[in-house]
1. What do you get when you divide the Cα radius of gyration of region 80-153 by 2.2 N^0.38 Å, with N the number of residues?
2. Give the accessible surface of the chain per residue, rounded to a whole number of Å², with probe radius 1.4 Å and ligands, DNA and RNA excluded.
3. For region 124-233, just the Cα atoms, rotate onto the principal axes and tell me the three extents in Å, largest first.
4. Output ³J(HN,Hα) for region 49-55: one whole-Hz value per residue in order, computed from phi by the Karplus curve 6.51 cos²θ - 1.76 cosθ + 1.60 with θ = phi - 60°, and x for Gly and Pro.
5. Give or take rounding to whole Å, what are the principal axis extents of the alpha carbon atoms in region 138-186, in descending order?
6. Apply 1/(1 + (r/R0)^6) to the Cβ-Cβ distance of ASP27 and LEU5, taking R0 = 35 Å, and write down the FRET efficiency to the nearest 0.05.
7. Would you please give the FRET efficiency between ARG160 and GLU217, computed as 1/(1 + (r/R0)^6) with r the Cβ-Cβ distance and R0 = 25 Å, to the nearest 0.05?
8. What is the angle, in °, between the Cα long axis of helix 215-232 and the longest principal axis of the Cα atoms in the chain? Nearest 10 is fine, range 0 to 90.
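The values are calculated or read from the model by the stated rules, or taken from the named source; none is laboratory data. It should be emphasised that the depicted structure is a prediction, and the values quoted were computed from it without experimental measurement. For neighbour counting, all protein chains shown are included, and Cβ atoms are generated from backbone atoms with ideal geometry for every residue, glycine included. Only protein heavy atoms, including side chains, enter the accessible area calculation; ligands, DNA and RNA are left aside. Shrake-Rupley method; radii C 1.70, N 1.55, O 1.52, S 1.80 Å.
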Amino acid sequence: ALAVLRPRDLAGLRVVVSTGGTREPIDPVRFIGNRSSGRQGVALARAAAERGAEVTLVAAHTDDGVLAEATGLAVVRAMAAADMLTAMRDAAAMADVVVMAAAVADYRPAAASDAKLTKEGSRGRGRKLELVETEDVLKALAGERRPGQTLVGFAAETSRGDELLARGRRKLERKGADLLVVNEVGWEVGFEQASNEVVILGRGGGVAAEASGTKREVADAVWDAVLAARSATR
Ligand code: CTP
Ligand code: CA
């Protein structure tokens, strides 16, 4: 087979990509998690490496086999939102491009119980779990970004069409990122799937690019948009 020649147009760039879904501990055996597989983030990291970048992948929980695709990359594990903040701050301090593709939990249990919660302990009355907001990693990184660093966020939204874009624009503004990759999700759409369909919003809320196809194709479109955004601000 013919090897596909890819441009090494990311050579010289240090990039950090987060991926997977965080798990917020309830007790030693339970957590609050989400359905993110980690595939899109790993595809972004691989694409960047193949295009010549020096890549660090910060991974929360990923589905079985997904991290095998990251063989050869520097991988840091960060299971909960708080770990993700620490790991991303560390890695971002040296990075030219930071991509937050991880699905970070918005809430965590106010306190993780050291003892496993038991039914005996709730005596048939059910339970209320008190939740507090996690740290917003993307927002924190935006506040600390180094000069010239490009920051990319992701947004999975259950709304569609104009409402999807409007929500994406508000989110981009609120987060202070340079690019926001917006995709629609639903019970049947967006998760555990090989392909993806996204709109990439740029600073000011304009559509920088649209892409659909395999997660690799979407990844390449994101890196193209990153390069375009970087050359526009130089
Ligand atoms: N994100 C983050 N830290 C969080 C929550 C989200 O860094 N605690 C990042 C995600 O990795 C993503 C972007 O912020 O790149 C948008 O995430 P999203 O969940 O869509 O936005 P939220 O601000 O959490 O808003 P909401 O879930 O209410 O729509
Ligand atoms: Ca969220």
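1. In units of the 2.2 N^0.38 Å rule of thumb, it is 1.54.
2. Dividing the accessible area of the chain by its residue count gives 53 Å².
3. Taking the Cα atoms of region 124-233, the three principal extents are 61, 34, 25 Å.
4. In residue order, the calculated couplings are 4, 5, 8, x, 6, 8, 10 Hz.
5. Largest first, region 138-186 extends 35, 16, 15 Å along its Cα principal axes.
6. After rounding to 0.05, the efficiency reads 0.10.
7. The pair ARG160/GLU217 has a calculated efficiency of 0.70.
8. So the inclination is approximately 60 degrees.
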